[in-house]
Amino acid sequence: MSWTEDPTLRVTLLPRDTNKHGSIFGGIILSHIDLAAAIEARKTTGARNIVTVAMDKVVFHKPVFVGDVVSFYTKTRKVGRTSVTTEVVVEATRADNQKTVRVTEAEVVFVAVDEDWGPVPVK
């Protein structure tokens, strides 16, 4: 599967999202990774109800700062019987110089579930 040309999700992060070092708290980035990956997984599987079961290979390459525009690019890596694995690459366009850098990447695994939270096949 190929990368999305446009980001699946794009956000600007705010001062409330910073840690004690003045950069964006990693948990905020993880939350957005989960959202972007879920959008891709839902698009790929058509499943209405999917749940995150794992985040794997999360690598933080560079910090994100207040005012950066952060873009989350997604790609479906694998579709199983009840699961889908999505890769997410995160880039930040720096507020001060408009340079874009890769800041984070991760793989996220979802499982399609029914109303009783049991796994169900994906398309």
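The values are calculated or read from the model by the stated rules, or taken from the named source; none is laboratory data. Because the structure is a prediction, the values reported are computed rather than measured. Neighbour counts run over all protein chains shown; Cβ positions are idealised from the backbone, glycine included.
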- Taking the condition surrounded by fewer than 20 Cβ atoms within 10 Å (Cβ to Cβ), among the charged types (D, E, K, R), part of a helix (DSSP H, G or I) and without any contact (Cβ under 8 Å) to a residue 12 or more places away in the chain, does residue 42 pass? yes
- Mind checking which residues of segment 5-20 are among the β-branched types (Val, Ile, Thr) and within 13 Å of residue 31 (Cβ to Cβ)? 11
- Message: For segment 57-86: of the residues being outside any strand (DSSP E or B) and charged (D, E, K, R), which is nearest to residue 103 (Cα to Cα)?
- Response: 62
- Quick check, is residue 60 crowded, with 21+ Cβ neighbours inside 10 Å and at pLDDT 95 or above? no
- Matching residues, segment 98-123, being in a loop (DSSP other than H, G, I, E, B), of a type in the set (Asp, Glu) and touching a residue at least 24 places away in the same chain (Cβ under 8 Å): 114, 115
- Take the residues in segment 68-105 that are in contact with a Leu (Cβ under 8 Å, 6 or more places away or on another chain) and not β-branched (Val, Ile, Thr), then tell me which one is surrounded by the fewest Cβ atoms within 10 Å (Cβ to Cβ). 71
- Query: What is the number of the single condition among (1) on the phi > 0 side of the Ramachandran plot; (2) in a strand (DSSP E or B) that residue 91 does not meet?
  - Reply: (1)
- Query: Quick check, is residue 33 within 30 Å of residue 121 (Cβ to Cβ), modelled with pLDDT of 95 or more, of a type in the set (A, V, I, L, M) and surrounded by 15 or more Cβ atoms within 10 Å (Cβ to Cβ)?
  - Reply: yes
- Message: Contact list please: Cβ distance under 9 Å, first residue in segment 12-35 and free of Cβ contacts under 8 Å to residues at least 60 places away in the same chain, second residue part of a loop (DSSP other than H, G, I, E, B) and charged (D, E, K, R), pairs at least six apart or on different chains.
- Response: 12/68; 13/68; 24/68
- Looking only at residues in segment 1-39 that are among the polar types (S, T, N, Q) and not in a loop (DSSP other than H, G, I, E, B), which one is nearest to residue 91 (Cα to Cα)? 12
- Query: Just checking, which of 22, 46, 26 is small (Gly, Ala, Ser), on the phi > 0 side of the Ramachandran plot and touching a strand residue (DSSP E or B) at 6+ places or on another chain (Cβ under 8 Å)?
  - Reply: 22
